[in-house]
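Asks: A single structure is presented below for examination.
The values are calculated or read from the model by the stated rules, or taken from the named source; none is laboratory data. It should be emphasised that the depicted structure is a prediction, and the values quoted were computed from it without experimental measurement. For neighbour counting, all protein chains shown are included, and Cβ atoms are generated from backbone atoms with ideal geometry for every residue, glycine included.
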Amino acid sequence: MSPMLLALPAHAAHIVVDTGHTVQRPGATGASGRVEYLYNLDVSNLVAADLRAAGDRVTQVAADGAEIDLGKRARTAPGADFFVSIHHDSMQQKYIDAGRQREFAGFSIFVSERNPNYEKSLRCARAIGEQLLAAGEKPSLYHAEPIAGENRPLIDRRLGVHRFDGLAVLKTAPMAAVLVEVGVIVNPDEERRLARPDTYKPLAQAIARGAHACQKL
Ligand SMILES: [Zn+2]
């Protein structure tokens, strides 16, 4: 064993941090016009840095802005122990049209039962949810609303963990995988809060802590 390996904590893991979307297809648009990809990039860069500081090996996906297929994201490092995808949320268009943006706020976490390591995925989703709660964040629960386009079974209401079996990055990942919607940028109040480093730094740290902690269980 090399001295470097000996120096790592026993539970050091190889974790893939995925920045949701790309420059060309940037995902949701915040109330201010700033696109989701840029919010995802801020948070995922910090999550990666925090994990490295904790001794984990990190592979970042889509942080360079280049186009990458959903199915290829989790296969960038197929031998990794865990995959976490960072996103920011929108809402159904009908709520935007009705001017109800301010009613939607908070984080949500998704796992897929079609992932080959569903048990660990769920354990990590819960660990991340616990850390987000501890950081003062609140879960959004509207993805469980029984309407077309939502209807995602809520596995853990307190921690905001939902099942979304068809999510491409989760079901194609060969390792345990979780997708985090950090907050709702279509809500102008929440967007302003999420744009501040004193909000997104602790938020990123919470995601990293949860992702790191669930590797050793
Ligand atoms: Zn997204």
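Asks: Can you say whether Gly27 is over 20 Å from Cys124 (Cβ atoms), surrounded by 13 or more Cβ atoms within 10 Å (Cβ to Cβ) and at pLDDT below 95, as far as the supplied structure shows?
Replies: no
Results for (1) touching a residue at least 24 places away in the same chain (Cβ under 8 Å); (2) within 13 Å of the chain's Cα centre (by Cα); (3) within 17 Å of Val161 (Cα to Cα), shown as yes or no for each residue.
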residue	(1), (2), (3)
Glu36	yes, yes, no
Ala53	no, no, no
Gly79	yes, no, no
Asp89	yes, yes, yes
Ile109	yes, yes, yes
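Asks: How many residues does segment 13-29 hold that are within 12 Å of the ligand (Cβ to nearest atom) and touching a residue at least 60 places away in the same chain (Cβ under 8 Å)?
Replies: Of the residues in that region, 7 qualify.
Asks: Looking at segment 30-60, which of the residues that are of a type in the set (D, E, K, R) and surrounded by fewer than 18 Cβ atoms within 10 Å (Cβ to Cβ) is nearest to the ligand (Cβ to nearest atom)?
Replies: Residue satisfying both the conditions and the ranking: Arg34.
Asks: Out of all the residues in segment 196-210, is one or more under 28 Å from Gln93 (Cβ atoms) and away from the ligand (no atom under 16 Å from the Cβ)?
Replies: Yes.
Asks: Go through segment 34-121 and tell me which helices (runs of 4 or more DSSP H), entirely inside it, have 3 or more residues that are under 25 Å from Val23 (Cα atoms), modelled with pLDDT of 95 or more and not basic (Lys, Arg).
Replies: By residue number, 36-53.
Asks: I need the full set of residues from segment 74-97 which are within 12 Å of the ligand (Cβ to nearest atom) and charged (D, E, K, R), in order please.
Replies: Residue satisfying the conditions is Asp89 alone.
Asks: For segment 161-193, how many residues are closer than 28 Å to Pro78 by Cα and within 12 Å of the chain's Cα centre (by Cα)?
Replies: Final tally of qualifying residues: 9.
Asks: Given the structure, is Thr19 at pLDDT 95 or above, within 22 Å of Ala125 (Cα to Cα) and of a type in the set (S, T, N, Q)?
Replies: The answer is yes for Thr19.
Asks: Out of segment 122-154, which residues are in a strand (DSSP E or B) and either of a type in the set (S, T, N, Q) or modelled with pLDDT under 95 (or both)?
Replies: Of everything in segment 122-154, just one residue is in a strand (DSSP E or B) and either of a type in the set (S, T, N, Q) or modelled with pLDDT under 95 (or both), namely Leu154.
Asks: While we're here: Regarding Glu119, is this residue more than 14 Å from the ligand (Cβ to nearest atom), under 18 Å from Ala211 (Cβ atoms) and over 16 Å from the mean Cα position of the chain (by Cα)?
Replies: Numbers: more than 14 Å from the ligand (Cβ to nearest atom): yes; under 18 Å from Ala211 (Cβ atoms): yes; over 16 Å from the mean Cα position of the chain (by Cα): yes.
It is true that Glu119 is more than 14 Å from the ligand (Cβ to nearest atom), under 18 Å from Ala211 (Cβ atoms) and over 16 Å from the mean Cα position of the chain (by Cα).
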